[in-house]
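Chemist: Have a look at the structure that comes next, please.
The values are calculated or read from the model by the stated rules, or taken from the named source; none is laboratory data. If you're wondering where the values come from, they're calculated on a predicted model, not measured in any experiment. As a convention, Cβ positions derive from the backbone with ideal geometry for all residues, glycine included, and neighbour counts pool all protein chains shown. Heads up: the accessible areas ignore ligands, DNA and RNA and are worked out on the full protein's heavy atoms, side chains in. Shrake-Rupley method; radii C 1.70, N 1.55, O 1.52, S 1.80 Å.
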Amino acid sequence: MSFERKNLAYIVRKTDNKTGELLHILRRIEGSAIIYVRNRRRTKEITELLMNENITADFYHAGLDNAVKDIRQKRWQNGEVRVMVATNAFGMGIDKPDVRIVIHLDLPDSPEAYFQEAGRAGRDGEKAYAVILYAKSDKTTLHKRIADTFPEKEYILNVYEHLQYYYQMAMGDGFQCVREFNLEEFCRKFKYFPVPVDSALKILTQAGYLEYTDEQDNSSRIFFTIRRDELYKLHEMGKEAEALIQAILRSYTGVFTDYAYISEESLAVRTGLTRQQIYAILVTLTKRRIVDYIPHKKTPYIIYTRERMELHDVHIPISVYEDRKVRYEARIKAMEEYVTTDNICRSRMLLRYFGEKNEHSCKQCDVCLSHHADNHLSETSFEELKRQILFILNKKKLTPADIANQVETEKEDIGEVIQYLLEEGVLKIEDGMIYISK
Ligand SMILES: [Zn+2]
């Protein structure tokens, strides 16, 4: 199976005015579009910009409620909204064949990611575009990502240590503790930047010291902090609380040993209580230290998968840090090469990256198209010559000299157009005679 996407034109546009270029492209190319940006705030800003220009748009990122995400995805999918401005969280489960253009305002981390995101355009096999808008300053931003994604090990250990201050966790404590984590607050308190802290926590997660979830749609969890034989204490809590506890014990196992995921909706159905009542009861039970209830919330969590350890016992393995960093750097470099190279067909560059040998150029990426421009013919005169040549060849086979005699223009221009049409397979040549291939 080939990675080649014959209907997809890869374009890299160098510009210092990305939003201006974006509007220009969206006005020129009709149809459904996805615009990828790196951060959540920007999805909203770009959406507003487009709306102000009367282009229907909506935004999507992992921080939105599932219900909101569903609605937005559906509205875009059925064409009520033309443009989806999104982070890379958008893409799973999209089944929209007629996306005409995917535009990246920021560079993805790897050719793999790019290929996948760009590939959401043109699934119907009709002509589609994958565009990257690239500014000179992007190169610096791209390199900064390496340091942001793999902060120094010392920095990671500092974050680990500050986390203990943040939670006032004593040495040796913490095993299986689940705590809400507020990244902004943590960074304010200990004077960090959020992005590298986020990366440090992910590396500590990989190394097995904790579990950090920045996913926003965690289900509610519950853990009984009393023993099963202490359940008699619940009598004083009232009938509703008792019914709820019974329903939980019947529906979920292991709640005395670990946090279990629960669904307030299904508990509501089983007990006849409302969701609000269930929430209130569980909060009260938590205050009385009977259970520990962590409601579904839009806050990330940190779960201690090991007890708090001395810093000299915290080791980040090579497989988690050095190996991954080397691979990450290589991908960033490949991405940089992709946007800065301007003499190799972009489709070929991507295919080559995936280890595919492809001898022909795509004839539709910006590199292939500018090859034309290099040979001095403007796009309009090229198209005009092409039209004339096809017109006279429509009647009969001709030699190149015959064609040159019938079309009034420079011989070398005609030669260039004929050459191009031959390469493209529109024309064929046999015994010196040129004809339109059927
Ligand atoms: Zn090309």
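Chemist: Given +1 on the Cβ of Lys and Arg, -1 on the Cβ of Asp and Glu, and no further charges, what dipole in debye does segment 220-295 carry about its Cα centre, rounded to the nearest 20? Spell out each step's value before the answer.
Modeler: Values: 11 positive and 9 negative charges, 14 e Å.
The dipole magnitude comes to about 60 debye.
Chemist: Related question: Where in segment 187-243 are there trypsin sites (Lys or Arg not before Pro) that are in a DSSP coil and have at most 14 other Cβ atoms within 10 angstrom of their Cβ? Intermediate values should be presented prior to the final figure.
Modeler: Values: sites: 188, 189, 191, 202, 221, 227, 228, 233, 239; in loops: 191, 227.
Answer in residue order: 191, 227.
Chemist: Send over the semi-axes of the chain's equivalent ellipsoid, whole angstrom and largest first, taken as the square roots of 5 times the C-alpha gyration tensor eigenvalues. Each step should come with its number before you reach the end.
Modeler: Details: eigenvalues 696, 133, 64 Å².
Rounded to whole Å, the semi-axes are 59, 26, 18.
Chemist: Let me ask something additional. Choose one of 164, 142, 344: the residue whose Cα lies farthest towards the positive end of the charge dipole of the chain (beta-carbon charges +1 Lys, Arg; -1 Asp, Glu; about the Cα centre).
Modeler: Going by the charge dipole, the pick is 164.
Chemist: Continuing with the same structure: Grab the Cα-Cα distance for residue 168 and residue 340, subtract it from 0.36 nm times how many residues apart they are, and report the gain in nm with one decimal.
Modeler: Working: separation 172, 0.36 × 172 = 61.92 nm, distance 4.88 nm.
Gain in length upon complete extension: 57.0 nm.
Chemist: Name the residue farthest towards the positive end of the dipole of the chain from the options 225, 133, 320, assuming +1 on Cβ of Lys and Arg, -1 on Cβ of Asp and Glu, about the Cα centre.
Modeler: 225
Chemist: For the pairs 397/438; 395/428; 357/428, note any where the Cα-Cα span goes beyond 21 Å. Mind dumping the intermediate values first?
Modeler: Numbers: 397/438 13 Å; 395/428 15 Å; 357/428 25 Å.
Where the Cα-Cα span goes over 21 Å, the pairs concerned are 357/428.
Chemist: Over the heavy atoms of residue 391, what accessible area does a 1.4 Å probe trace out, to the nearest 10 Å²?
Modeler: 120
Chemist: Once amide H atoms are built 1.01 Å from N in the peptide plane, which residues 5 or more positions from residue 59, or in another chain, come under 5 Å H to H?
Modeler: For residue 59, the qualifying residues are 85.
Chemist: Which order do 59, 175, 90 take by accessible area at a 1.4 Å probe, largest first? Don't skip to the end; give the middle numbers.
Modeler: Working: 59 30, 175 125, 90 0 Å².
Ranked list, largest accessible area first: 175, 59, 90.
Chemist: What does the charge dipole of the chain about its Cα centre add up to, to the nearest 20 debye, if the Cβ of each Lys and Arg holds +1 and the Cβ of each Asp and Glu holds -1?
Modeler: Values: 65 positive and 68 negative charges, 199 e Å.
Rounded to the nearest 20 debye, it is 960 debye.
Chemist: Next question, about the same structure. Once you have the Cα-Cα distance between residue 399 and residue 53, take 0.36 nm times their residue separation minus that, and quote the gain in nm to one decimal.
Modeler: Details: separation 346, 0.36 × 346 = 124.56 nm, distance 5.17 nm.
The residue 399-residue 53 span can extend by a further 119.4 nm.
Chemist: Sticking with this structure for a sec: Applying 1/(1 + (r/R0)^6) with R0 = 35 Å to the Cβ-Cβ distance of residue 422 and residue 24, what FRET efficiency is obtained, to the nearest 0.05?
Modeler: Step by step, r from the Cβ atoms, then E = 0.60.
Chemist: Now a separate question. Can you pull the percent of Cα pairs in segment 375-436 with separation above 14 Å?
Modeler: Tail of P(r) above 14 Å: 49 percent of Cα pairs.
Chemist: To the nearest 20 Debye, how big is the dipole of segment 67-208 about its Cα centre, given +1 on the beta carbon of each Lys and Arg and -1 on that of each Asp and Glu? Write out the running numbers ahead of the final one.
Modeler: Details: 20 positive and 20 negative charges, 90 e Å.
Computed charge dipole of segment 67-208: roughly 440 debye.
Chemist: Now for a different question. Roughly what percent of Cα-Cα pairs across segment 220-295 reach past 19 Å? Can you show the working numbers first?
Modeler: Details: 635 of 2850 pairs.
Counting every Cα pair in segment 220-295, those more than 19 Å apart make up 22 percent.
Chemist: Here's another thing I want to ask about it. Run the 1.4 Å probe and let me know the accessible area of residue 162, rounded to the nearest 10 Å².
Modeler: Per-residue accessible area (residue 162): approximately 50 Å².
Chemist: More than 17 angstrom separation, counting every C-alpha pair in segment 312-422; what % is that? Intermediate values should be presented prior to the final figure.
Modeler: Numbers: 4089 of 6105 pairs.
Of the Cα pairs, 67 percent sit more than 17 Å apart.
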